[in-house]
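J.: Attaching a single structure in structure tokens format; questions to follow.
Read-outs throughout are calculated quantities, based only on the coordinates presented, and are distinct from any laboratory measurement. Note that the structure is predicted; figures quoted are calculated from it, not measured. Here Cβ is always computed from backbone atoms with ideal geometry, including for glycine, and neighbour counts include all displayed protein chains.
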Amino acid sequence: MTVGKKLKTTLSSLKSAQADLESFALETESQTAKQMFSQFADQTKSIVEGIEVRVREIEGQEPQYKAR
């Protein structure tokens, strides 16, 4: 598996985890848990954004990695 493919797979998994965390934050009644899940979702979003930048860089350098 290429680095580009691994990054895209990781990105997909992280986006799923972020959505789950946001869902947990909405579904829980505990204010402490809501804050915790929201904070984790925000941290995950930051990681996703960083990886998206790297994916764009790789695609710019190596066009064969672009999604078709």
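J.: To test your reading of the geometry: what angle, between 0 and 90 degrees and rounded to tens, separates the Cα axis of helix 31-61 from the longest principal axis of the chain?
T.: Here the helix axis deviates by roughly 10 degrees.
J.: Full extension from ILE47 to GLU62: what is 0.36 nm times the residue separation minus their Cα-Cα distance, to one decimal in nm?
T.: Taking ILE47 through GLU62 to full extension adds about 3.2 nm, to one decimal.
J.: Tell me, in nm to one decimal, what length is gained between SER13 and GLN35 on full extension, where the rule is 0.36 nm per residue of separation less the Cα-Cα distance?
T.: Net length gain for the segment: 5.7 nm.
J.: Hey, another quick one. Suppose a student asked you for the relative contact order of the range 3-65, using Cα pairs under 8 Å spaced at least 6 residues apart; what percent would you report?
T.: 41
J.: Positive end of the dipole of the chain, charges at C-beta (+1 Lys, Arg; -1 Asp, Glu), about the Cα centre: which of ILE58, THR10, THR32 has its Cα farthest in that direction?
T.: With unit charges placed on the Cβ atoms, the residue in question is ILE58.
J.: Only one of the values (1) 71; (2) 48; (3) 24 was calculated from this structure for percent of Cα pairs over 17 Å apart; name its label.
T.: The value computed from this structure is option (2).
J.: Need one number: nm distance between label points at THR2 and ARG54, each 7 Å from Cα along Cα→Cβ, rounded to one decimal.
T.: 1.7
J.: In the neighborhood of LYS34, defined by Cβ-to-Cβ distances under 11 Å, what is the net charge if each Lys or Arg adds +1 and each Asp or Glu adds -1?
T.: With Lys, Arg at +1 and Asp, Glu at -1, the neighbours total -3.
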